[in-house]
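Here is the structure we will look at.
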Amino acid sequence: MKAIITGATGFLGSHLVELLQRESWDVIAIGRNDVIGNQLISKSVEYRHADITDEAQLASVFEFADVVFHCAALSTDWGQYQAFHQINVQGTRNVLNCAINVGVKRLVYVSSTSVYFDYQDRFNISEEHNLNQNFANIYTETKFLGERVIIEESNGVLDYVIIRPRGIIGEGDTSIMPRILRLARKGWFPLINGGNAILDVTYVKNVAHALL
């Protein structure tokens, strides 16, 4: 099997590269961090530098593969709408177009459970639950719009799967655990709901297995 992975130099993408390499897949790892990218190179992994917001550049590194795993995203709480839209929406459109143009048959798109968030506790959510479109932040809105691009513009040419992992943690996490550790080092830690809050987190290698 052969895969193209966008965001391969990022947190989740690099773990997926590692997993597919162990499973003897051929992998084209697309990313922008050349230091990490060059560390991924092996007999079965080829690193190619490309920006998903530049469709011509992206097209130059695409070729036929059994599946594209689209892991690249701008994932942060704050920022300018244009930057989020350019990466999470237009970038997704570019990935989809390139995949169709080279004859890829399946695209796996990494979205987010934040599309369900409606400002209250929710438990046991399934795929049938309605999505909340009063989005909490720009990231969530643009991940939802990225989903719509995949659903509405695939035109029946390729299969797609949308996966919505929650609270990814593990080796290489630069978001969740570092924030918790910074708080803990201050010697003070907030106990949400008196310490009885329930929160879903997912180990990054489990997410990689789910993608596979």
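The values are calculated or read from the model by the stated rules, or taken from the named source; none is laboratory data. Bear in mind the structure is a predicted one, so any value in this text is a computation, not a measurement. Glycine also receives a Cβ, built like all others from the backbone with ideal geometry; neighbour counts cover every protein chain displayed. For accessibility, only protein heavy atoms count, side chains too; no ligands or nucleic acids. Shrake-Rupley method; radii C 1.70, N 1.55, O 1.52, S 1.80 Å.
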Point to revise | GNM top mover of PHE64, PHE84, PHE189 - the chain, alpha-carbon springs below 10 Å | key: PHE189
Exercise for review: With a ≥ b ≥ c taken as the square roots of the eigenvalues of the C-alpha gyration tensor of the stretch 41-146, please select rounded if a/c is under 1.5 and otherwise prolate if a/b is larger than b/c or oblate if it is not?
Suggested key: prolate
Exercise for review: Could you work out which residue, out of TRP25, TRP188, TRP78, moves most in a Gaussian network model of the chain, that is, has the largest mean-square fluctuation with Cα springs under 10 Å?
Suggested key: TRP188
Practice item. Assign unit charges at the C-beta atoms only (+1 for Lys and Arg, -1 for Asp and Glu), then state the dipole size of the chain relative to its Cα centre in Debye, rounded to the nearest 20. Key: 580 debye
**Study point:** Relative packing of peptides 1-13, 41-53, 92-104 - highest average C-beta neighbours within 10 Å first
**Key:** 1-13, 92-104, 41-53
Revision key, fill the gap. Taking a crude spin-label model, label points 7 Å out from Cα along the C-beta direction, the ARG182 to LYS205 distance in nm is 2.8 nm
Study note, to complete from the structure: Quick P(r) readout (the stretch 97-191; Cα-Cα; 5 Å bins; whole %) gives 2, 10, 16, 17, 16, 15, 11, 5, 3, 2, 1
Study note, to complete from the structure: With the charge dipole of the stretch 159-210 built from beta-carbon charges (+1 for Lys and Arg, -1 for Asp and Glu) about the Cα centre, the Cα from ALA197, GLY187, PRO165 projecting farthest to the positive end belongs to GLY187
Review point. Rounded if a/c is under 1.5, else prolate if a/b beats b/c, else oblate: with a ≥ b ≥ c from the C-alpha gyration tensor eigenvalues square-rooted, which is the stretch 162-206?
Key: oblate
Practice item. Enter the accessible area per residue of the stretch 52-102 (Å², integer; probe 1.4 Å; all protein chains in place). Key: 45 Å²
Review point. Once phi is turned into θ = phi - 60°, what whole-Hz ³J(HN,Hα) does the Karplus curve with 6.51, -1.76 and 1.60 give for every residue of the stretch 188-193, x standing for Gly and Pro?
Key: 9, 9, x, 9, 5, 6
Study note, to complete from the structure: As straight-line cross-link partners of LYS205, the qualifying lysines (C-alpha separation under 21 Å, not fewer than 8 residues apart within one chain) are LYS2
Practice item. Give the relative contact order (percent, whole number) for the chain; include only Cα pairs under 8 Å separated by 6+ residues. Key: 20 percent
Check your understanding: Using a Gaussian network model of the chain with C-alpha springs under 10 Å, which one of ASN155, ASN137, ASN193 is most mobile by mean-square fluctuation?
Key -> ASN193
Point to revise | With every protein chain in place, the stretch 56-132: carbon and sulfur % of accessible area (1.4 Å) | key: 48 percent
Point to revise | Residues in the stretch 88-127 that a label on ARG166 would reach, taking backbone N under 18 Å of a point 7 Å out along Cα→Cβ | key: 110-127
